[in-house]
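K.L.:
What follows is a single structure, and I will ask about it in a moment.
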Amino acid sequence: MTRYSFALSKNAEISQAGVVQSESFRDALKLLGEQMTVAAGDTLEIGVYGFPPARYECIAALGDGDVLWRPAGLMAA
């Protein structure tokens with residue numbers, strides 16, 4: 001299992017942070033959605049030791065742990 005470090009920010013302040021273990025990145029996102037209260041506009045930074053974290057913005061929380069994330073901070077071409 002892979003260990004992912006994460007930080008969830010609401011209104012530019014970290015509201016929750018920690019580590020989650022799962023078989024895949026997709027499973028890690030699902031698990032976080034089930035265990036945390038996430039709303040549109042929240043930001044998630046998640047990654048593995050030794051690499052910079054990926055940053056995502058919540059565009060919708062659908063319930064049952066389903067959260068729609070989009071990459072955050074990307075520059076337009």
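The values are calculated or read from the model by the stated rules, or taken from the named source; none is laboratory data. Keep in mind it's a predicted model, so treat the numbers as computed, not measured. Cβ placement follows ideal geometry from the backbone for every residue including glycine, while neighbour counts extend to all protein chains displayed.
K.L.:
Somewhere in the stretch 38-57, is a residue modelled with pLDDT of 90 or more, within 18 Å of M1 (Cβ to Cβ), in contact with a Leu (Cβ under 7 Å, 6 or more places away or on another chain) and not hydroxyl-bearing (S, T, Y)?
P.N.:
No, the stretch 38-57 contains no residue that is modelled with pLDDT of 90 or more, within 18 Å of M1 (Cβ to Cβ), in contact with a Leu (Cβ under 7 Å, 6 or more places away or on another chain) and not hydroxyl-bearing (S, T, Y).
K.L.:
If we keep just the residues of the stretch 23-77 that are of a type in the set (F, W, Y) and over 20 Å from E13 (Cα atoms), which is surrounded by the most Cβ atoms within 10 Å (Cβ to Cβ)?
P.N.:
Residues of the stretch 23-77 that are of a type in the set (F, W, Y), as a first pass: 25, 49, 51, 56, 69.
When the remaining residues are screened for being over 20 Å from E13 (Cα atoms), the result is 25, 49, 51.
Working: F25: 14, Y49: 9, F51: 7.
Top of the filtered list is F25.
K.L.:
Which residue pairs have Cβ atoms closer than 9 Å, lie 6 or more positions apart in sequence or on different chains, and pair a first residue in the stretch 1-17 that is loosely packed, with under 11 Cβ neighbours inside 10 Å with a second residue that is small (G, A, S) and part of a strand (DSSP E or B)?
P.N.:
Hits for this filter: M1/S22.
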